[in-house]
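Every read-out reported here was derived from the displayed coordinates using simple, explicitly stated rules and does not represent laboratory data. Small disclaimer: the values here were computed from a predicted structure and weren't measured. Neighbour counts are summed over all protein chains in view; Cβ atoms, including those assigned to glycine, are modelled from backbone coordinates with ideal geometry.
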Amino acid sequence: MAKNLPLQEITAVQSVILEDDKDLLLILDQTLLPNEKKYLELRKAEDVWDAIYHLKVRGAPAIGIAAAYGIYIEAKKSGTEEYEEFCKDFKKIKNYLASSRPTAVNLFWALDRMEQVIFKHKESSIELIIKALKQEADNIKQEDEKVCESIGEYVLTLLKPEWGLLTHCNAGTIATARYGTALAPIYIGNSRGYNFKVYADETRPLLQGARLTAWELQEAGIDVTLICDNMASIVMKEGKIQAVLVGCDRVAANGDAANKIGTSGVAILAKHYNIPFYVCAPTSTIDMNTKNGDDIKIEQRAGEEITEKWYEKPMAPKSVKVYNPCFDVTDNKLITAIITEKGILYPPFDKSLTELYSNK
Ligand code: MRU
C-alpha cells in the first residue's frame with residue numbers, strides 16, 4: 001500500500017545541494033545507500049570529478065546538475081578580472097569534468113549550457129559572470145524537476161491502475177532533481193491510488209536496482225519486489241509485468257537508447273512477451289548529433305566491480321579476465337515509445353525526433 005504522504009514529501013530527498021554561503025556542494029553519497037544516508041562536502045572540481053566517476057552522484061540528470069555546480073564553485077574561486085583568462089580557466093575545468101564519465105550526454109549538455117553563459121556575458125564583469133553561472137546551474141536543477149514531473153504525467157497516460165511494472169537500474173528521485181524519469185509515473189500514479197506493483201532488477205554489478213530503486217520505492221511505501229537480473233524473464237512469463245519503464249543516458253537521432261548494462265536484454269525479453277517497453281528520457285538526454293547507437297561511447301569500468309566490490313571475499317578466481325561495460329544500447333526497434341517532457345514519441349523515431357526538434 002502506498003504511504004499516505006504527499007508526493008512532494010515522498011520525493012523530497014535531494015542528491016545535489018548547493019551551500020553557497022559555505023562555498024560547497026553537498027552530494028548524497030549513493031554508494032553508501034541503503035545502509036547509510038550521508039552527504040559529502042565537495043569543495044573543488046577534483047571532488048566533483050571523483051564523486052561522478054565513483055558514482056557517489058549518478059544518474060544522467062544528477063550528473064549534469066553536479067557538474068554545473070562544480071563549474072560554479074570553481075569559478076567563484078577565480079582571482080582574475082580578465083575575461084580571456086577566466087575563459088581559459090573555465091575551459092580547463094569544463095574539459096576536466098567532462099572526462100569523468102563518457103556515456104550520459106546530460107553531463108556534456110549541462111557543461112555546454114554553462115559555457116554559453118560565459119559567451120553571452122562577454123562584455124560583463126567577472127563578478128557578474130559568476131553570478132550568472134550560479135543562476136544557470138540553479139536553472140538546470142529547477143528545470144529538471146519540472147521536466148521529470150512532466151515525463152511522469154505523460155507516462156502515466158500509458159499505464160493502468162494495479163499494473164505490474166518492471167524497471168532496471170535507478171531512474172528515480174536521487175538520479176535527478178526530483179521524481180526521477182522512469183520512477184516519476186510510479187510516484188505520481190501511486191499518489192493517485194494506482195497501486196502499481198513494481199519489480200526492480202537488482203542491476204549487476206553495481207546494484208543500483210537493489211540498493212537505490214528498491215530503497216527509494218520502499219521508503220515511499222510503494223509495493224516493490226526485488227529480483228535478480230536473470231529473473232526478468234520468469235516474471236514476464238508469469239504475467240506479472242504489464243509494462244517496462246527505464247531511464248536513459250543518451251538517445252541517438254534514430255531512437256537507439258543507451259542505458260544501464262542489461263537494459264537491452266530486458267527490451268528483447270519484453271518484445272518476446274509482447275510487453276510495452278518505454279524509455280523515459282528528458283530532452284537533455286537526446287543527442288541529435290549522435291546518428292545511432294554505434295556512435296555512443298560505452299563506458300568501461302574496473303573488473304573489480306564484478307569480482308569483489310560488494311563481497312567480503314573475492315567472488316571470482318584471482319586475475320580472471322573481466323569485461324565490464326557499464327551501459328548497453330537498446331535498438332530503437334525494441335522501443336515502444338520514448339517519453340520526454342514534451343510528449344510521447346512513437347516509431348519511426350528518426351522521424352518523431354526530427355519533428356520534435358523542428359517544432360522547437
Ligand atoms: O551508472 P549509472 O548508475 O549512472 O547509470 C544510470 C542509468 O543508467 C540510469 O538509468 C540513467 O542515467 C537515467 S537516470 C534518470
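For a quick protection proxy, order the peptides 49-58, 277-286 by their average other-Cβ count within 10 Å, most packed first.
Details: 49-58: 20.4, 277-286: 25.1.
So the peptides 49-58, 277-286, ranked by packing, come out 277-286, 49-58.
Suppose R0 equals 35 Å. What FRET efficiency, 1/(1 + (r/R0)^6) with r the Cβ-Cβ distance, do Glu41 and Thr225 give to the nearest 0.05? Walk me through the intermediate numbers first.
Values: r = 36 Å, r/R0 = 1.03.
The formula returns an efficiency of 0.45 here.
Given contacts defined as C-alpha pairs under 8 Å and at least six residues apart, what's the relative contact order of region 148-358, whole-number percent?
Numbers: 442 pairs, mean separation 46.3, N = 211.
Once divided by the residue count of region 148-358, the mean separation gives 22 percent.
To the nearest 10 degrees, how steeply does helix 83-98 sit against the main Cα axis of the chain, on a 0 to 90 scale? Helix 83-98 sits at roughly 20 degrees to that axis.
Rounded to the nearest Hz, the phi-derived 3J(HN,Hα) couplings of region 228-240 under the Karplus curve 6.51 cos²θ - 1.76 cosθ + 1.60 (θ = phi - 60°) are 6, 4, 7, 9, 4, 4, 5, 5, 5, 4, 6, x, 7, where x marks glycine and proline.
Using a Debye calculation, one point per C-alpha and no hydration shell, please list log10 I(q)/I(0) for the chain at q = 0.07, 0.11, 0.12, 0.13 Å⁻¹ in order. After summing over all Cα pairs, the log10 values are -0.29, -0.72, -0.86, -1.00. At q = 0.13, 0.21, 0.28 Å⁻¹, what log₁₀ I(q)/I(0) does a Debye calculation on the Cα points of region 5-51 give, no solvent, two decimals? Values, matching the q order: -0.35, -0.78, -1.03. Evaluate E = 1/(1 + (r/R0)^6) for Ile344 and His272, where r is the Cβ-Cβ distance and R0 equals 25 Å; express this FRET efficiency to the nearest 0.05. In this case the efficiency is close to 0.60. Highest mean first, the peptides 9-20, 35-46, 313-324 sorted by other C-beta atoms within 10 Å per residue fall in the order 9-20, 35-46, 313-324.
Here the convex hull built on the C-alpha positions of region 104-219 has a volume of 120 cubic angstrom per residue. Each peptide among 66-79, 87-100 gets the average number of other Cβ atoms lying within 10 Å of its residues, and from highest to lowest they stand as 66-79, 87-100.
Computed FRET efficiency, Cβ-Cβ of Ser124 and Lys237, R0 41 Å: what is it to the nearest 0.05? It would help to have the intermediate numbers written out before the result.
Details: r = 61 Å, r/R0 = 1.49.
Step by step, r from the Cβ atoms, then E = 0.10.
Computed on region 7-147, with alpha-carbon pairs under 8 angstrom and 6+ residues apart, the relative contact order is 22 percent.
The equivalent ellipsoid that matches the C-alpha gyration tensor of region 191-281 spans semi-axes of 20, 16, 14 angstrom, in descending order.
So for the chain, averaging the separation of alpha carbon pairs under 8 Å that are six or more residues apart and normalising by length, what relative contact order in percent results?
Numbers: 719 pairs, mean separation 59.8, N = 360.
Once divided by the residue count of the chain, the mean separation gives 17 percent.
Note that region 148-358, at 25 °C in a medium of 0.890 mPa s, gets a Stokes-Einstein diffusion coefficient of 142 µm²/s from its Kirkwood radius over C-alpha pairs. For the chain, the longest principal axis of the C-alpha atoms and the axis of helix 126-156 are separated by about 10°. Listed values for region 282-292 are Karplus-derived 3J(HN,Hα) couplings in whole Hz (6.51 cos²θ - 1.76 cosθ + 1.60, θ = phi - 60°), namely x, 5, 5, 9, 8, 10, 6, 7, 9, 5, 8, and x replaces Gly and Pro.
What is the total of Lys pairs in region 298-360 with C-alpha atoms under 28 Å apart, excluding same-chain pairs fewer than 8 positions apart? For region 298-360, the number of qualifying lysine pairs is 9.
Over all Cα atoms in region 2-97, the spread is summed up by Rg and Dmax: 15.6, 56 Å. Applying the Karplus relation 6.51 cos²θ - 1.76 cosθ + 1.60 with θ = phi - 60° to region 57-66 yields 3J(HN,Hα) values of 10, 8, x, 3, x, 5, 4, x, 5, 4 Hz, where x marks Gly and Pro.
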